[in-house]
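Participant: There's a structure below that I have some questions on.
Every read-out reported here was derived from the displayed coordinates using simple, explicitly stated rules and does not represent laboratory data. Everything numeric here is computed off the predicted structure, so don't read it as measured data. Every residue, glycine among them, receives a Cβ derived from its backbone with ideal geometry; neighbour counts consider all protein chains shown.
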Amino acid sequence: MAEEENKPQEFPDAQFSVQKVYVKDISFETPNSPDVFKMEWKPKVDMHMTNEAKPVGENLFDVVLSITLTVKIDKKTAYLVEINQAGIFFINNIPEDVVERMLATVCANIMFPFAREAVSDIVTRGGFPQLLLSPVNFDALYAQQQQVEQQPESGTKH
């Protein structure tokens, strides 16, 4: 019986397709140029990422993967990149809880390489060394988020 619980769920009539992948918004700023080009290149990279999905029609979802990168040398910002990489996905005949997971993981995995390429391109066009974002395990991030949401709120602060 435990083996049956660990089997992947199958949905014979399930439908999933990518309708469109597009850049919704992109921004690149170099607030301390040209001075930053004179500094020794030992950057500190800070990355923040979010993922949002909303229905845009029958069985259609607009998913936006937002990435903000702040790159500093010492305490000066070398550059700031913000990208909202988006996609429209068709999902049909799949249970709602599975759709939620797919929007957070499968769709994000599809869009991330596009965002990664756009970031690398815009950074090099800005005159800086290429920045390649490391792969992201969206399944692990989703599982971690689910664990945090399921933990009961505690009245004690540490």
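Participant: What is the fewest-to-most order of Lys44, Lys38 by other Cβ atoms lying within 10 Å of their Cβ?
Facilitator: So the ranking, lowest neighbour count to highest, is Lys38, Lys44.
Participant: Report the residue, chosen from Ala78, Ala115, Ala86, that carries the largest GNM mean-square fluctuation when the chain is represented by alpha-carbon nodes joined by springs under 10 Å.
Facilitator: Ala78
Participant: Ok, one more. Note the full-extension length gain between Lys54 and Val18 as 0.36 nm times their separation in residues minus their Cα-Cα distance, in nm to one decimal.
Facilitator: Taking 0.36 nm per residue and subtracting the Cα distance, the gain is 11.5 nm.
Participant: Also, quick follow-up: Taking the Cβ-Cβ separation of Asn32 and Val148 as r and a Förster radius of 30 Å, what is the calculated FRET efficiency to the nearest 0.05?
Facilitator: It comes out at approximately 0.25.
Participant: For Cα pairs less than 8 Å apart in space and 6+ apart in sequence, what is the mean separation divided by the residue count of the chain, i.e. the relative contact order in percent?
Facilitator: Numbers: 236 pairs, mean separation 36.6, N = 158.
Relative contact order, the chain: 23 percent.
Participant: Would you tally the net charge around Asp74, using a Cβ to Cβ cut-off of less than 10 Å, leaving Asp74 out, and scoring K and R as +1, D and E as -1?
Facilitator: Result for the neighbourhood of Asp74: +4.
Participant: For the chain, what is the mean residue ellipticity at 222 nm derived from helices alone (per DSSP H run of n ≥ 4: -39500 (n - 2.57); sum divided by total residues; nearest 500 deg cm²/dmol)?
Facilitator: Working: 4 runs with 47 residues, N = 158.
So the helix-based figure for the chain works out to -9000 deg cm²/dmol.
Participant: Let me ask something additional. Assign unit charges at the C-beta atoms only (+1 for Lys and Arg, -1 for Asp and Glu), then state the dipole size of the chain relative to its Cα centre in Debye, rounded to the nearest 20.
Facilitator: 1040
Participant: Rounded to whole Å and sorted largest first, what semi-axes of the equivalent ellipsoid does the C-alpha gyration tensor of the chain yield via the square root of 5 times each eigenvalue?
Facilitator: Taking √(5λ) for each eigenvalue gives 36, 21, 13 Å, largest first.
Participant: In square nanometres, what is the average projected area of the Cα convex hull of the stretch 69-158?
Facilitator: Directional mean of the projected Cα hull area for the stretch 69-158 stands at 9.3 nm².
Participant: In whole Hz, what ³J(HN,Hα) sequence does the stretch 112-119 give by Karplus (6.51, -1.76, 1.60; θ = phi - 60°), x for Gly and Pro?
Facilitator: Residue by residue, the stretch 112-119 yields 4, x, 5, 5, 4, 5, 4, 5 Hz.
Participant: Between Asp74 and Glu100, what FRET efficiency comes out of the Förster formula 1/(1 + (r/R0)^6) with R0 = 41 Å and r the beta carbon distance, rounded to 0.05?
Facilitator: The formula returns an efficiency of 0.45 here.
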